[in-house]
Amino acid sequence: MIIHRKEELIRLEQSLQGCGKCPLGPTRTNLVFGRGSETGKIMLIGEGPGEQEDLQGVPFVGKAGQLLDKILAAAELLEEECYICNIVKCRPPQNRVPAPEEVEACLPYLRLQFGAIRPWIVVLLGASAAKAIIDPKLAITKARGKWVKKGDYLFMPTFHPAALLRDPGKKAPVWQDFQEIKRVYEEMKATKGETE
Ligand code: URA
């Protein structure tokens, strides 16, 4: 089962390498697919790759990513419990917000990632991820910290780590959100066991 998931993700990543469905394809250095554990029950979704991610082909490896790793470690969420990716897999030039057509073009790939990983909890990092998945009219300041159940998945919107670097006042609410994520995750582990 675990090998099956890994293979599914590897195959999907390979199949995307030639993707030119939107204008971000031709300007990317690397497609940025995902990192972490394919058996992770917590999936974290950001907006799109930045400069470092584009150069390395790995999501959340720049300053925002380093902060995200610190938050996960502080919340005692282990690397093998998490899978990290983005709404769009190619870097928007000058780190602009991805256009709705770019998000639309890339969402089917995210759905396939969902299908392979089948997370229990999905953390939406920032407004772009929360709007793409929950509601295009959502305001992240109001939506953060509140669970949204959709289909089989439980979503938690929170601020993007890059927003914390710009505004340290957002650190406390994000910390609160991650403590809530940890609490619910531990409850789910106790009720569902390690089998699902
Ligand atoms: N910001 C994101 O939203 N994603 C990354 O991978 C890096 C920075």
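Quick note: the coordinates plus some simple rules give every number you see, no bench work behind them. Quick caveat, the model's predicted, so the values are computed rather than measured. As a convention, Cβ positions derive from the backbone with ideal geometry for all residues, glycine included, and neighbour counts pool all protein chains shown.
Close amide H pairs (under 5 Å, H built 1.01 Å from N) link Leu44 with Tyr83, Ile84, Cys85, Val123, residues at least 5 positions away or on another chain. Net charge dipole, segment 1-78: roughly 100 debye, given to the nearest 20, about the Cα centre with Cβ charges of +1 for Lys and Arg and -1 for Asp and Glu.
By how many nm would the segment from Arg5 to Lys63 lengthen if fully extended, with 0.36 nm per residue of separation less the alpha-carbon distance? List each step's numbers first, then the result.
Working: separation 58, 0.36 × 58 = 20.88 nm, distance 2.95 nm.
Length gained, Arg5 through Lys63: 17.9 nm.
More than 15 angstrom separation, counting every C-alpha pair in segment 1-80; what % is that? Cα-Cα pairs in segment 1-80 separated by more than 15 Å: 64 percent. With each label modelled as a point 7 angstrom along the Cα→C-beta vector, the Lys21-Val184 pair spans 2.7 nm. Here the 3J(HN,Hα) profile of segment 183-190, calculated from phi with Karplus coefficients 6.51, -1.76 and 1.60 at θ = phi - 60°, is 4, 5, 4, 5, 4, 5, 4, 5 Hz, Gly and Pro shown as x.
Take the Cβ atoms of Ile134 and Asp167, set R0 to 22 Å, and the FRET efficiency comes out at 0.50. Restricting the calculation to Cα atoms, the chain yields a radius of gyration followed by a Dmax of 15.7, 46 Å. Under 17 Å between alpha carbons, and skipping anything fewer than 8 positions from Lys63 in its own chain: which aspartates and glutamates qualify? The reachable aspartates and glutamates, counting only those whose Cα sits under 17 Å from Lys63, are Glu47, Glu51, Glu53, Asp54, Asp167.
For the chain, adding -39500 (n - 2.57) for each run of n ≥ 4 DSSP H residues and dividing by the number of residues yields -14000 deg cm²/dmol at 222 nm.
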